[in-house]
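Some notes on the structure that comes next.
The values are calculated or read from the model by the stated rules, or taken from the named source; none is laboratory data. Since the structure is predicted, the reported quantities are computational estimates derived from the model, not experimental observations. Here the Cβ positions follow ideal geometry from the backbone for every residue, glycine too, while neighbour counts run over all protein chains shown.
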Amino acid sequence: MPGLRTILVPFNNTQPNAAAIDAAKRIAEAEGAYIEGAYSRQVLPIIAGEGITLPGDYLAAFEEEGRQQAAIAREAFESLIAERGIPLKSLESEGLRAGWTEMMGTGPEGLGEYARVFGISVLHRDLSSGDMDWKSTAEALLFESGRPLLLVSGDVPQTIGKRILVAWNGSTETARALSAARPLLTRSEAVRVLSVDGGMVSGPDVDMITAHLSASGFHAHSKTADSAGATVGQTIVSEAKDFGADLIIKGAFTHSRLRQLVFGGPTSEIFNHAVCPVILCH
């Protein structure tokens, strides 16, 4: 699958989970792609100010805790990939394989920068625990990497990309997402290109992009949905369920990130409510 043969599964001071590994494997196994787990260890922030010091034993304990958490994360990652029959091999090897890297103190932004060399990143969105750290990692991957991000929740479907809903709004961001997901489109069985009344920006309409997808050999059809009092994001999530989609493709933050954080928006709603995996690009 050209373009998606290297897959990053990042962990920003969090432990690996089965959902992210399963989703990465779904994408990787058809073409023998490389999956890399990347763990970012936290460091204490430097506090500027006269007379502010931290005890040496506290610093040592913090460092040791970081080493232990990184070791636990690596063991969990290697156990998960072994359970799924994925061998540990180098990037330069061939076939379905996985590797591990550890980063010190880079945080979400460092993971976003590192993701620039991969075809796609896969991130688990944890909606059950109330932990919102995944959102800062997701935004860093979107804004810093220039690469697509696949967001998954706890239940990963058996297929990813057989029935695809393209949330088309005419934007540059959605065009990028569609282009980035093209390797998955080639394996799809049905593609619905959805536009929502009130959700379009200046750009090609839904019929035009659908015609171009059909001319490229994809099984695409268009639909324009009336939001009927719901928001654009709610309508996209509802239409994906009705279509039986196992993947949504969408541009991220067509409107400013600040505006969406304050007022909400389709990207924020899909972050929180989409049931199936979502490929996003900014």
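For this structure, a couple of remarks:
- Total residues in region 165-185 satisfying the condition of being β-branched (Val, Ile, Thr) and over 22 Å from residue 146 (Cβ atoms): the figure is 0.
- When region 118-135 is filtered for residues that are outside any strand (DSSP E or B) and at pLDDT 90 or above, the ones remaining, listed by number, are 118, 119.
Yes/no per residue for (1) crowded, with 21+ Cβ neighbours inside 10 Å; (2) more than 25 Å from residue 143 (Cβ to Cβ); (3) in contact with a strand residue (DSSP E or B) (Cβ under 9 Å, 6 or more places away or on another chain):
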{"site": "181", "(1), (2), (3)": "yes, no, yes"}
{"site": "228", "(1), (2), (3)": "no, yes, no"}
{"site": "244", "(1), (2), (3)": "no, yes, yes"}
{"site": "250", "(1), (2), (3)": "yes, no, yes"}
{"site": "270", "(1), (2), (3)": "yes, no, yes"}
{"site": "276", "(1), (2), (3)": "yes, no, yes"}
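- Given (1) charged (D, E, K, R); (2) in a helix (DSSP H, G or I); (3) surrounded by 15 or more Cβ atoms within 10 Å (Cβ to Cβ), index of the condition residue 223 fails: (2)
- Positions within region 148-167 being surrounded by 23 or more Cβ atoms within 10 Å (Cβ to Cβ) and of a type outside the set (A, V, I, L, M, F, W, C), in sequence order: 148, 161
- Near pairs, Cβ below 6 angstrom, 6+ apart or cross-chain, from region 189-207 (assigned by TED's automatic domain parsing to the domain that holds residue 266) to any residue that is of a type in the set (D, E, K, R) and part of a loop (DSSP other than H, G, I, E, B): 189/162; 197/226
- The set of residues in region 177-212 that are more than 22 Å from residue 119 (Cβ to Cβ) and assigned to a helix (DSSP H, G or I) comprises 206, 207, 208, 209, 210, 211, 212.
- Test: residue in region 260-279 that is closer than 19 Å to residue 153 by Cα, part of a helix (DSSP H, G or I), in contact (Cβ under 8 Å) with a residue 40 or more places away in the chain and in contact with a Lys or Arg (Cβ under 6 Å, 6 or more places away or on another chain): no
- Given (1) outside any loop (DSSP other than H, G, I, E, B); (2) of a type outside the set (Val, Ile, Thr); (3) surrounded by fewer than 23 Cβ atoms within 10 Å (Cβ to Cβ); (4) not assigned by TED's automatic domain parsing to the domain that holds residue 199, index of the condition residue 141 fails: (3)
- Qualifying residue in region 100-113 (condition: of a type outside the set (Phe, Trp, Tyr), farther than 18 Å from residue 42 by Cβ, in the same structural domain as residue 35 (by TED's automatic domain parsing) and in contact (Cβ under 8 Å) with a residue 60 or more places away in the chain): no
- Criterion violated by residue 239 - all others in (1) assigned to a helix (DSSP H, G or I); (2) under 17 Å from residue 171 (Cα atoms); (3) in contact with a Leu (Cβ under 6 Å, 6 or more places away or on another chain) satisfied: (2)
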